[in-house]
Amino acid sequence: MDSLLITGGRSLKGEIAISGAKNAALPLLCAALLTRDVLTLTHVPHLNDIGTMLKLLAQMGVKVQRTAGDLMGSGDVVTLDASGLDSVVAPYEMVKTMRAAILVLGPLVARAGEARVSLPGGCAIGARPVDQHIKGLLAMGAEVAVEHGYVHAQSPRLKGARLFTDMVTVTGTENLMMAACLADGETVIENAAREPEVVDLANCLVAMGARISGAGTDVIRIQGVSSLHGATHRVMPDRIETGTYLCAAAASGGEIRLTDTSSAYLDAVIDKLMDAGCDITMERDAIRLKAPERLTAVSIRTSPYPAFPTDMQAQFMAINAVANGTSVIRETIFENRFMHAVELTRLGADIRIDGNTAVVNGKRKLDGAIVMATDLRASAGLVIAGLVAEGETRIERIYHLDRGYDGLERKLAALGADVRREK
Ligand code: UD1
């Protein structure tokens, strides 16, 4: 298994391009199942999760072409042709490595009348059930059975319905929105996720002929149509990758410019970085950050968009570990998302956990050590800590990072970090 070796102490300086968003690209790839025509996606990030999703779609009979973009972050071009769809099964082996595979459920039932998708099971950050996805399909008239670890859903044609989810769920909203595109009549999703990735998916679906309004608010209305057609869509920039590099620059006392991105979806994160003392300038498609000599600790509470994202919690724990003062971090989305705290304490951080609350006392310095990546964003927090720790930090199990950060070492090296991968 690969490790990442970081020798800390260098300030990040320079400019890099941000890749397309993983969490936008994954549902967009599944949208291809909704049509017999070709869907072309551009600016697709080069990530293992994308590879897994393409493999899953190919296994269902979707013709997939992936053309690699240049190394400067232009992203891949992916064309998907689901005219020969011949399987409606998403097997356990694939779903267990990537929960987002559940996103094939809605499109398959809507277009093929049937889906058999493995239950994702637990993952490192919590139980993460899919009951809301199922509840929505049932309300739309599907017959759903959970048997042998699989969700088996069937419906000759889904019916439009009023859907209410018990909590805000991002992939739940996306799954039901895709299903509703081909349903008979109007579907209203209440308590819908407002995440920008939901809006990006809705924009692509509209380009494919869907009739959707309200995406980006908590009530989404979809008028079902009988079929969708092909389209070309550019994946939105990755706001979490953007936020991660901003944090890395902030913690290391650096000054960076991130291009091909937007500050529009990052208000909560930028606000906190400014509170921490960073000087941030927003340009049209770029963001500049200049770090203070030492950051001030900032407290955060994770919540659904537009509040502070859970996917940025670990990175903020890392910057608070070296900031001046004490901060309180509350995680309200996932029940077990503090595994990085234990690893950060191996680097000398002072963090106390009580349930879903972490109290971080900022220290002037951290010391390099061997740490283990436990999930995608936890790993990003460890990278940031490694960049500021004295001496060498070895991060093991970095396959998590390869799931979600396109060209991580290349981008960090371009910003002057001393980082290398060891096979
Ligand atoms: C998505 C993101 C992930 C992010 C998360 C929260 C993708 C591919 N992944 O994950 O990076 O961390 O949103 O912003 O977009 N829940 C249920 N039942 C359900 C669905 C969800 O109980 O049927 C719970 C979950 O366990 C969790 C909460 O609702 O506690 C929110 O989860 P959800 O928004 O669904 O997360 P994902 O869509 O899996």
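None of the figures in this text is laboratory data; all of them are computed from the coordinates on show. Given the structure is predicted, the values throughout are model-derived calculations rather than measurements. Ideal geometry is used to build each Cβ from the backbone, glycine not excepted, and the neighbour counts take in all protein chains shown.
Remind me, relative contact order of segment 170-276 in percent, using alpha carbon pairs under 8 angstrom and six or more residues apart? The partial results should precede the final answer.
On the way: 135 pairs, mean separation 25.7, N = 107.
Relative contact order of segment 170-276: 24 percent.
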_5 angstrom amide H check on residue 230, placed H, neighbours 5+ away_ = 37, 38
*Where does the chain land at 222 nm, in deg cm²/dmol rounded to the nearest 500, when only DSSP H runs of n ≥ 4 count, each adding -39500 (n - 2.57), divided by all residues?*
-9000 deg cm²/dmol
_I want to check the label-to-label distance for residue 232 and residue 299. Put each point 7 Å from Cα in the C-beta direction and report it in nm to one decimal._
5.1
_Computed FRET value (nearest 0.05) for residue 131 with residue 326, which takes r as the C-beta separation and R₀ as 30 Å_ = 0.20
*Please tell me the relative contact order of segment 207-340 in percent, rounded to the nearest whole number, where contacts are Cα pairs under 8 Å and at least six residues apart.*
20
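Could you pull out the pairs from 13/363; 22/272; 63/423; 96/363 whose alpha carbons sit more than 31 Å apart here? All intermediate terms of the calculation are to be shown ahead of the outcome.
Numbers: 13/363 23 Å; 22/272 23 Å; 63/423 33 Å; 96/363 38 Å.
In this structure, 63/423; 96/363 lie more than 31 Å apart at Cα.
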_Label point 7 Å beyond Cα of residue 83 along Cβ direction - residues of segment 26-45 with amide nitrogen under 13 Å_ = 35-39
*asked:* Just to be sure I understand: of the beta bridges DSSP finds with both ends in the chain, what percent are antiparallel, rounded to 5?
replied: 70
*asked:* Give me the three principal axis extents of segment 220-340 from the C-alpha atoms, as integers in angstrom, largest value leading.
replied: 58, 35, 21
*Work out, step by step, the length gained on full extension between residue 97 and residue 154: first 0.36 nm times the residue separation, then minus their alpha carbon distance; give nm to one decimal.*
18.0 nm
*Measure nothing but the geometry: give the 0 to 90° angle between the long axis through the Cα atoms of 376-388 and the longest principal axis through the Cα atoms of the chain, rounded to 10°.*
20
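Given contacts defined as C-alpha pairs under 8 Å and at least six residues apart, what's the relative contact order of segment 51-177, whole-number percent? It would help to have the intermediate numbers written out before the result.
Values: 186 pairs, mean separation 25.2, N = 127.
The normalised contact order for segment 51-177 reaches 20 percent.
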*the chain: mean projected area of Cα convex hull, nm²*: 17.8
_Simple Cβ-charge dipole of the chain, Lys/Arg +1 and Asp/Glu -1, about Cα centre, in debye nearest 20_ = 140
*Step through the residues of segment 404-410 one at a time and calculate ³J(HN,Hα) from phi using the Karplus curve (6.51 cos²θ - 1.76 cosθ + 1.60, θ = phi - 60°), rounding each to whole Hz and writing x for Gly and Pro.*
x, 10, 6, x, 4, 5, 4
*Please work out the Cα convex hull volume for segment 115-258 and give it in Å³ per residue.*
133
*Quick one: work out the % antiparallel among DSSP beta bridges in segment 188-340, nearest 5.*
75
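At a 10 angstrom cut-off on C-beta neighbours, averaged per residue, how do the peptides 46-56, 370-380 rank from highest to lowest? Could you put the intermediate results ahead of the total?
Working: 46-56: 19.9, 370-380: 23.7.
Put in order of decreasing packing, that is 370-380, 46-56.
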_Between segment 360-403 and segment 252-295, what is the separation of their alpha carbon centroids in Å?_
21
*asked:* With the crude spin-label approximation of a point 7 Å out along Cα→Cβ, what separation in nm comes out for residue 190 versus residue 162?
replied: 0.6
*Evaluate the distance, in nm, between pseudo-label points positioned 7 Å from the Cα of residue 36 and of residue 390 along their respective Cα→Cβ axes.*
6.9
*Can you grab the distance from the C-alpha centre of segment 98-168 to the C-alpha centre of segment 189-230, Å, no decimals?*
18
